[in-house]
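Visitor: My structure is below; once you've seen it, I'll send some questions.
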Amino acid sequence: MLEIGMSTRVSHLATRLLTSRTTPPFGMLKQCTLSSLRFGFLIGAIILYALFGAPTPDSLGLPEIIIAVMLCLSISPTVFAAKANSRPQPPWTPPALRLLLYCALIPLAFGIILGNAPTLIARDMIALVFLVLPLFYLPLLQDQPKRFMYLHCACLTCGVIFSLRALAQIYNLGPLSLIAADSLSYLANSPLVLLSAIYMSGRLLEPSSIKKRAAGLFMLCILLITMAVHLQRGALGLFALAFLILLGRTVITSPARALPYLAALAALGVYFYEPAAHIIGALLYKTDNHGVLNMRAEEWHAVWERINASPATLLFGAGWGAQYASPAVGNMMVNYTHGFLSYALLKTGLLGLGLSLVYITALIKDFFQRNQGRITALLLALLAPLALDILLYASFKSFDFGLLLLLIAFAPAFLAVKQQQSLVTSGKSL
């Protein structure tokens with residue numbers, strides 16, 4: 001028997017996953033710890049958000065209040081206590097703490113001193129919580145690969161439900177019309193929609209049963225139709241790029257397995273030629289009217305002009321609740337930008353932008369190192385919507401952006417366990 005070195009934490013977790021058995025009914029209550037209960041509140045909040053929530057609601061309604069309460073119940077009150085954080089911390093933890101400390105003090109003080117609207121300040125503070133959401137769930141999700149899998153499934157479910165609600169806004173989908181999104185919900189912009197589409201396309205290229213492939217293909221069609229109908233150029237472009245990368249990898253590693261997919265793609269291209277041509281024409285028309293970047297460069301210039309008025313705002317930003325005349329929306333005064341980096345520059349200045357970049361870079365670096373440089377569906381599914389929200393989209397202020405960061409932050413431990421599982425399985429086969 002091959003000895004694997006079970007003294008390490010990763011090996012221990014892998015062995016537990018491989019040797020786990022179904023818990024008897026009488027043991028369920030015994031294993032329902034407070035930590036499990038908190039995790040249940042988190043999953044429940046995600047499902048409720050998927051069914052009735054919106055990324056950027058105009059006002060707090062009953063669903064938002066219930067979701068907020070459930071999220072508060074899911075966070076341990078000792079999350080920042082030294083005892084709760086006695087385990088080795090991920091490398092992104094210090095940058096996240098520095099960013100939280102800075103943004104909770106300096107931009108807030110500037111926002112109050114400069115007389116920014118309290119409601120807008122509150123909105124930006126909520127966005128700050130979503131930005132550093134991994135910090136609040138460190139005790140709950142660290143070294144918990146099973147919980148990561150449940151969290152991942154909940155996020156995929158949220159992406160599909162968002163797509164159905166966005167389609168129900170346009171088409172009559174029967175009972176789904178009861179939870180249809182309104183025109184300003186922007187559910188199709190959610191990073192979870194693109195995440196779900198890329199991940200499911202990658203899973204379709206892997207060996208699985210016919211039932212699983214059929215279900216995955218059905219959900220993928222829903223996601224793609226939603227992005228196409230709402231003319232999400234950036235999301236569709238990144239999906240196409242990610243799918244081509246995954247398909248190319250399959251062609252190189254398993255040519256025989258890739259042939260049916262290539263044939264199916266060719267058949268679908270012929271069959272859906274007319275609607276596809278109509279959608280491409282609409283996308284090109286949108287590009288002709290709004291430009292390739294849709295005034296993003298002009299928006300950066302407007303942000304720079306806004307904070308360059310004084311050395312203080314240049315270094316520390318205009319504070320939470322700050323507004324500016326955005327060229328992207330006809331020079332209206334708004335408190336958001338289309339991209340996290342320009343938003344961080346506006347609200348927190350050069351110093352806050354630098355801290356934000358260090359934090360995001362630490363998250364991505366940890367993910368890449370644990371993934372060992374492999375191009376996987378999970379990697380592309382997480383990084384594509386992150387890039388879109390950082391550079392081009394305004395959905396970084398939403399709860400689903402926080403969920404995306406949660407997945408990126410805690411995927412490394414899951415990947416480590418999966419790699420250890422592969423070692424154990426290969427060892428048993430020797």
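Visitor: Could you calculate the contour length gain from Arg370 to Thr33, that is, 0.36 nm times the residue separation minus the distance between their Cα atoms, to one decimal place in nm?
Guide: Stretched out fully, the Arg370 to Thr33 stretch lengthens by 118.4 nm.
Visitor: Let me ask something additional. How much length is gained on full extension from Val358 to Leu48, taking 0.36 nm per residue of separation minus their Cα-Cα distance? Before the final figure, lay out each step's value.
Guide: Values: separation 310, 0.36 × 310 = 111.60 nm, distance 3.26 nm.
Length gained between Val358 and Leu48: 108.3 nm.
Visitor: Also: Only residues of region 295-316 count here: report those whose backbone N is under 18 Å from the spot 7 Å along Cα→Cβ of Asn331, or say none.
Guide: Only 295-307 pass the distance filter.
Visitor: Please work out how much accessible surface Trp304 shows to a 1.4 Å probe, ignoring ligands, DNA and RNA, in Å² rounded to 10.
Guide: That residue has around 100 Å² of solvent-accessible surface.
Visitor: Expressed as a whole number of Å, what is the distance separating the alpha-carbon centroids of region 355-371 and region 137-157?
Guide: Centre-to-centre (Cα) distance: 18 Å.
Visitor: Okay, moving on. Taking a 26 Å limit on the Cα-Cα distance, which of the listed pairs Lys146/Lys212; Lys146/Lys365; Lys211/Lys397 fall beyond it?
Guide: Values: Lys146/Lys212 21 Å; Lys146/Lys365 23 Å; Lys211/Lys397 37 Å.
Over 26 Å Cα-Cα: Lys211/Lys397.
Visitor: Another one. Give the Cα extents of region 111-176 along the principal axes, in whole Å, largest first.
Guide: 50, 40, 13
Visitor: Moving on to the next point. What list of whole percents do you get for P(r) of region 64-154, with Cα-Cα distances grouped in 10 Å bins up to the one holding the largest distance?
Guide: Per 10 Å bin, starting at zero, the Cα-Cα P(r) for region 64-154 comes out as 13, 40, 34, 12, 2 percent.
The values are calculated or read from the model by the stated rules, or taken from the named source; none is laboratory data. Because the structure is predicted, anything quoted here is derived from the model rather than measured. Don't worry about glycine lacking a Cβ; one is built from the backbone with ideal geometry, like all the others, and counts go over all protein chains shown. Accessible surface areas use protein heavy atoms only, side chains included; no ligands, DNA or RNA. Shrake-Rupley method; radii C 1.70, N 1.55, O 1.52, S 1.80 Å.
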